Amino acid sequence: MVSEHFFPETSLLLDALVERIAEQLRLAVEAHGQAVFLVSGGSSPKPVYERLSDMPLAWDKIIVVLVDERWVSLDHPASNAAFISQHLLKNNAENTRFIGLKNAAATAKEGQASCEKILQTLPAEPDVCLLGMGNDGHTASLFPYAQGLSAGLENQSPKRCVAICAQRSEVTGKFTERMSLNFSYLSKAKHSFLLINGEQKRQAYTAALQAGPIEDMPIRAFLQSSEVQLNVYWSP
């Protein structure tokens, strides 16, 4: 199920989205003593993280988990872990527990078991998930027709992550080897948000709402699922 929240200005979107995410994290901590926050890389959520880092939340009780990662070193400019560290894990959120998806294994496939072991320590239902979407309809690192996509889209997989080898494109660049949380785990989030900006993303989103193979646009798995309440936030 989809709930659309379209705004005429990005500043209005940020005000609404940051407050809503903060409130859900706050309520989760109050109810369960902790909260799990699944986060995406990319330019769109950057101002969201900057604002959240200043919020007076119980950050010592919040676990931040990446939804996907390029298989690059942690000091690489393309590292999502480095991005989150720079833009979210600072200010009030400086000492928040963080779980990334890159380890010392030579390949994502070889590193999957280690990632899976850590992810299995998390609650079955994450509290908040912030997703993005590419113009190709990918989300997390669930890319169209990627190696590993079928496993990543399994609806009731007991696993929580999948090694992905994407087809090289303008979207992936040279970083085709990835680790991604799978649909089965992402879809269990209690509060899910899809953040998109600009006319191209809106056109891609509109296309994804139409009937068609999920492999063409993997975001369809979330848009078409009756079990996922996806809050779509868009601004020009």
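Things to note:
- Some residue of the stretch 201-213 being within 13 Å of the chain's Cα centre (by Cα) and either at pLDDT 95 or above or not β-branched (Val, Ile, Thr) (or both): no
- Filter pass, Val162 being touching a strand residue (DSSP E or B) at 6+ places or on another chain (Cβ under 7 Å) and either of a type outside the set (S, T, N, Q) or surrounded by fewer than 16 Cβ atoms within 10 Å (Cβ to Cβ) (or both): yes
- Elements of type helices (runs of 4 or more DSSP H) contained in the stretch 156-236, each with 3 or more residues being over 26 Å from Ala78 (Cβ atoms): 199-209
- Residue within the stretch 34-55 that is at pLDDT 95 or above, among the aliphatic types (A, V, I, L, M) and over 17 Å from Thr96 (Cα atoms) present: no
- Any chance Leu25 is touching a strand residue (DSSP E or B) at 6+ places or on another chain (Cβ under 8 Å) and closer than 28 Å to Ser225 by Cα: yes
- Within the stretch 214-228, residues that are within 13 Å of Glu154 (Cα to Cα) sit with their Cβ atoms under 8 Å from residues that are in a loop (DSSP other than H, G, I, E, B) and polar (S, T, N, Q), at 6+ positions apart or across chains, in these pairs: Ile214/Gln224; Ala221/Ser187; Phe222/Ser187; Ser225/Ser187.
- Pro56 passes every criterion in (1) under 29 Å from Gly198 (Cβ atoms); (2) in a loop (DSSP other than H, G, I, E, B) apart from (1).
- Exactly one residue out of Thr107, Thr96, Thr121 is more than 28 Å from Ala208 (Cα to Cα), of a type in the set (Val, Ile, Thr) and without any contact (Cβ under 8 Å) to a residue 12 or more places away in the chain, and it is Thr121.
- Looking only at residues of the stretch 15-48 that are within 18 Å of Pro126 (Cα to Cα), under 18 Å from the mean Cα position of the chain (by Cα) and of a type outside the set (A, V, I, L, M), we find that the one that is surrounded by the fewest Cβ atoms within 10 Å (Cβ to Cβ) is Arg20.
The values are calculated or read from the model by the stated rules, or taken from the named source; none is laboratory data. This structure is a prediction, so every number in the text was calculated from the model and none was measured. Cβ sites come from the backbone with ideal geometry, for glycine too, and all protein chains shown count toward neighbours.
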